[in-house]
1. Show the residue pairs meeting these rules: Cβ distance below 6 Å; 6+ apart or different chains; first residue within segment 149-167 and under 26 Å from Gly117 (Cβ atoms); second residue surrounded by 11 or more Cβ atoms within 10 Å (Cβ to Cβ).
2. Residues in segment 112-135: is at least one among the acidic types (Asp, Glu) and within 17 Å of Ala18 (Cβ to Cβ)?
3. Counting residues that are touching a His at 6+ places or on another chain (Cβ under 8 Å) and modelled with pLDDT under 85, which helices (runs of 4 or more DSSP H) fully inside segment 38-152 reach at least 1?
4. Only one of (1) farther than 22 Å from Ser147 by Cα; (2) without any contact (Cβ under 8 Å) to a residue 12 or more places away in the chain is not met by Ala99, so which one is it?
5. Which residues, counting only those in segment 100-122, are over 26 Å from Arg153 (Cα atoms) and crowded, with 21+ Cβ neighbours inside 10 Å?
6. How many residues, within segment 4-30, are modelled with pLDDT of 95 or more and more than 20 Å from Thr146 (Cα to Cα)?
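The values are calculated or read from the model by the stated rules, or taken from the named source; none is laboratory data. No experiment lies behind these values; they were computed from the predicted model shown. Backbone-built Cβ (ideal geometry, glycine too); neighbour counts: all protein chains shown.
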Amino acid sequence: MARPVIVCYDGSKASIEALDYAVALLPSAPVLVVTVWRELTEEMLASGAAPPAGDPVEVNVQSRRAAREAAQEGAERARAAGLKAEPLVVETTGPIWKAIERVAHERDASLIVCGTGRSGLKTVMPGEVAIALVQHASRPVLVVPTSRAAAERRKAAERDQRSREAIR
């Protein structure tokens, strides 16, 4: 059996574009669409967010359901493109990257694919799963910038090139 490619998926634009890129790049790979979620208290501790106005138990039920729906949506998207895809929802009490790394190890993944919509200094801010995976994962990691982030990076590179040329 072929080793799966893990695609980190939360339904965001970045994760959709990363999944689409993986589908185009690896058209015959089995895909494991991984969505990681944390209970409300864990999320609040990790992000420093204020507690919600609603019932924490209900918020957890809704978060778990949203994670399941996101993973299923991602797997359906990959299957519609012709890949064998399986959704997997993972609950974590720690950093998201550690949960993804654990799944990669357990499933003997050949590659981890994740998206990022950040560019410039924002890419090194805490909480960027893509950077944490690149720094810590034991498997190869493919980070796919959103089309918007890629365009911003191209513009910055062009400005830098013009500045270098102006100095000469």
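1. Ala149/Gly117; Ala149/Ser119; Glu152/Ser119; Arg153/Ser119
2. Taking every residue of segment 112-135 in turn, at least one turns out to be among the acidic types (Asp, Glu) and within 17 Å of Ala18 (Cβ to Cβ).
3. none
4. Of the numbered conditions (1) farther than 22 Å from Ser147 by Cα; (2) without any contact (Cβ under 8 Å) to a residue 12 or more places away in the chain, the odd one out for Ala99 is (2).
5. Ile100, Glu101, Ala104, Ala109
6. 2
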